[in-house]
Amino acid sequence: MAVSFANDIRPLFREIDVEHMQAYGMPLDSYSWMSDPYNNYRNAQDVLNSLITQSMPPGGPFWTQDMLDRFSQWMKDGYQP
Ligand code: HEM
């Protein structure tokens, strides 16, 4: 089964992640924002990059390889809701 935003990706973000990033205009809990195709799916790519480079969340806890793989697979599967 394809990776789904609601079932597999949204639960990876903590409430503190959602609240802090909302203030920067990045609603991590929003499917429409995360799957916005504008600029070659820039929002999802930027989020993934910030997690891979461990620039986010500041000071951790950083995402495990399993979490990063799941996010990448969601993108590869075509950003399923
Ligand atoms: C496009 C990607 C992102 C950008 C450009 C970004 C940018 C920022 C900036 C500028 C801050 C405030 C300054 C700082 O505390 O360093 C911040 C804070 C924060 N971000 Fe992000 N962020 C991104 C993605 C994420 C993601 C994916 C998560 C969580 C999974 C996250 C979690 C947090 C948290 C929890 C804070 C508050 C830290 C604190 O105040 O202790 N951010 N982010």
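The values are calculated or read from the model by the stated rules, or taken from the named source; none is laboratory data. Keep in mind the model is a prediction, meaning the values are calculated, not measured. Here Cβ is always computed from backbone atoms with ideal geometry, including for glycine, and neighbour counts include all displayed protein chains.
Given the criteria near the ligand (Cβ under 10 Å from one of its atoms), among the aliphatic types (A, V, I, L, M) and surrounded by fewer than 11 Cβ atoms within 10 Å (Cβ to Cβ), does ALA23 qualify? Before the answer, list the steps.
Values: near the ligand (Cβ under 10 Å from one of its atoms): yes; among the aliphatic types (A, V, I, L, M): yes; surrounded by fewer than 11 Cβ atoms within 10 Å (Cβ to Cβ): yes.
For ALA23, the condition - near the ligand (Cβ under 10 Å from one of its atoms), among the aliphatic types (A, V, I, L, M) and surrounded by fewer than 11 Cβ atoms within 10 Å (Cβ to Cβ) - is met.
Working only within the range 1-13, note down all residues that are within 10 Å of the ligand (Cβ to nearest atom) and either in contact (Cβ under 8 Å) with a residue 24 or more places away in the chain or farther than 15 Å from VAL47 by Cβ (or both). Full working, then the answer.
Quick first cut of the range 1-13, residues within 10 Å of the ligand (Cβ to nearest atom) only: 12-13.
Matches in the range 1-13: LEU12 only.
Taking each residue of the range 31-50 that is touching a residue at least 12 places away in the same chain (Cβ under 8 Å) and looking for partners that are surrounded by fewer than 13 Cβ atoms within 10 Å (Cβ to Cβ) and in a loop (DSSP other than H, G, I, E, B) with beta-carbon atoms closer than 7 Å, six or more apart or interchain, yields TYR31/PRO81.
So for the range 26-36 (the condition being surrounded by fewer than 14 Cβ atoms within 10 Å (Cβ to Cβ), at negative phi, at pLDDT 95 or above and among the hydroxyl-bearing types (Ser, Thr, Tyr)), does at least one residue qualify?
Step one: list which residues in the range 26-36 are surrounded by fewer than 14 Cβ atoms within 10 Å (Cβ to Cβ), which gives 32.
So of that shortlist, the ones also at negative phi come out as 32.
Filter again for at pLDDT 95 or above, leaving 32.
Filter once more, keeping what is among the hydroxyl-bearing types (Ser, Thr, Tyr): 32.
Yes, that holds for at least one residue.
Residues that are acidic (Asp, Glu) and either farther than 15 Å from PRO81 by Cα or touching an Asp or Glu at 6+ places or on another chain (Cβ under 8 Å) (or both) within the range 10-67 comprise GLU15, ASP17, GLU19, ASP46, ASP66, listed in sequence order.
Name every residue in the range 42-77 that is among the small types (Gly, Ala, Ser) and surrounded by 10 or more Cβ atoms within 10 Å (Cβ to Cβ), in order of residue number. Lay out the reasoning, then the answer.
At the first step, the residues of the range 42-77 found to be among the small types (Gly, Ala, Ser) are 44, 50, 55, 59-60, 72.
Scanning the range 42-77 gives ALA44, SER50, SER55, SER72.
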